[in-house]
Structure formats: C-alpha cells, structure tokens
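Here the structure comes first, spelled out in structure tokens, and everything after it is commentary.
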Amino acid sequence: MRPKDIGTRGESAARDWLRINGWPTARRQPLAGARDEGDLMICDMPDRRIIGEVKSGKAADKASLGQIREWLEQTEQECIHAGADLGVLIVRRFGRPVGGWDAWMIAADWIVVLTAESVLSTDAPWPLRSSLKDWSDIVTGWADS
C-alpha cells in the first residue's frame, strides 16, 4: 500500500471515530503544502478551533519520543496556520481500536484545557499523551465552555 493510502486510511479512521464520539463535524482537511493546516478539522466553532495531525503506518508504530517531539512541532505549526486554538497529534497504535490510539499534546496545552487558563506563567513544551478516547472526553468539556 502506498504511503498516501496509509495516511488517508488513518485520517479517515480517526475522523470517523471522532464523529461518533462527540465531534460530529470533524472532517479531513485538504492538503495545503508548506502552509498545511493539519489532517483533520476536529472542531470549527467561532470561539473554539481544534485541528488534528494523524500519523499511521509503520512510522507511527515505531515512533520514538524524539519522533513524537518532531511531529508535535509540526502539529503546532499547522495549528498556527489554521488559526486554531488547539492541536492534537493522533498516533495509530497497531492492534488497538481507534479510541485506544495515542493523543499527544504539549504540557502547556493540557494545562490550558484542564484549567481553562489562556496564559501560562511558564513554557511547558513536554509531550504528554492519553488515549484518543480520554483526550476526547477531556477536551469536549473545554470546547463546550
């Protein structure tokens, strides 16, 4: 299978799972070259915009923490390009249902979501993960506030 097909399959699986689990307007994004805005637009409300970057295939299954950091930097750039409030890196986990895939954000974004604070007194670039299901449950409350 071609890498593009692997990516499309992973993005579609994540989108479909999100639609069923609280994000009914989640959609795949068109490619935008150097100004990519992420693979998914998870939430596109006037006051809350959330994008997702999806990684699947062998690269995702074998991703080191260094690779996760690089992908998180990419996700942050795409978040800026999309004018989004939040970006999540979704990484497929071989043999797990989509809700069990990894959802990564930097610690600063987790703090914002969990405390509803919009400005932090310190930079918190450390990657933290949860399952996609737990991420969805947590962020749904934030997005609805």
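The values are calculated or read from the model by the stated rules, or taken from the named source; none is laboratory data. This one's a predicted model, so the numbers in the text were calculated from it and none came from an experiment. When we count neighbours, we look across all protein chains shown, and the Cβ atoms used for this are built from the backbone with ideal geometry, even at glycine. SASA here: full protein model, heavy atoms, side chains in, ligands and nucleic acids out. Shrake-Rupley method; radii C 1.70, N 1.55, O 1.52, S 1.80 Å.
How about K133: which lysines have a C-alpha closer than 17 Å to its C-alpha, ignoring those fewer than 8 places off in the same chain?
K133 reaches K55.
Count charges around A59 for me, please; just the other residues with Cβ under 12 Å from its Cβ, Lys/Arg as +1, Asp/Glu as -1.
Counting the neighbours of A59, the net charge comes to +2.
Distance from the Cα centre of the range 57-95 to that of the range 1-45, in angstrom?
12 Å
Apply the Karplus curve 6.51 cos²θ - 1.76 cosθ + 1.60, θ = phi - 60°, to the phi angles in the range 3-12 and return the couplings in whole Hz, x for Gly and Pro.
Ordered by residue, 3J(HN,Hα) equals x, 4, 5, 4, x, 4, 4, x, 4, 5 Hz.
Computed from these coordinates, which is Rg and Dmax of the Cα atoms in Å: (1) 14.1, 46; (2) 14.8, 40; (3) 14.8, 46?
Derived directly from the coordinates: (1).
Provide the per residue accessible area, probe 1.4 Å, for the chain, rounded to a whole number of square angstrom.
54 Å²
What does the helix-only formula give at 222 nm for the chain: each DSSP H stretch with n ≥ 4 adding -39500 (n - 2.57), the total divided by the residues, and the result rounded to the nearest 500 deg cm²/dmol?
-13500 deg cm²/dmol
Pull up the cross-link candidates among the aspartates and glutamates for K58, meaning alpha carbon to alpha carbon under 17 Å and not fewer than 8 places away within one chain.
Within the straight-line limit of under 17 Å, K58 reaches these aspartates and glutamates: D5, E11, E70, D102.
Restricting to DSSP loop positions (anything but H, G, I, E, B) with no more than 16 other Cβ atoms inside 10 Å of their own Cβ, which chymotrypsin sites (Phe, Trp or Tyr not before Pro) remain in the range 94-145?
Here the chymotrypsin sites (Phe, Trp or Tyr not before Pro) that fit, given the DSSP loop and packing criteria, are F94.
Order these peptides, 30-38, 42-50, by their mean beta-carbon neighbour count within 10 angstrom, highest first.
For the peptides 30-38, 42-50, the packing ranking is 42-50, 30-38.
Is the C-alpha gyration tensor of the range 40-94 telling us rounded, prolate or oblate? Criteria: a/c under 1.5 is rounded; beyond that, a/b larger than b/c is prolate, otherwise oblate.
prolate
Using θ = phi - 60° and the Karplus relation 6.51 cos²θ - 1.76 cosθ + 1.60, list the HN-Hα couplings for the range 128-140 in order, rounded to whole Hz, with x at every Gly or Pro.
Per-residue couplings from phi come out as 10, 10, 9, 6, 4, 4, 5, 4, 4, 4, 5, 6, 4 Hz.
Could you check how much of the accessible area of the chain is carbon and sulfur, as a whole percent, using a 1.4 Å probe?
Here carbon and sulfur together make up 54 percent of the probe-accessible area.
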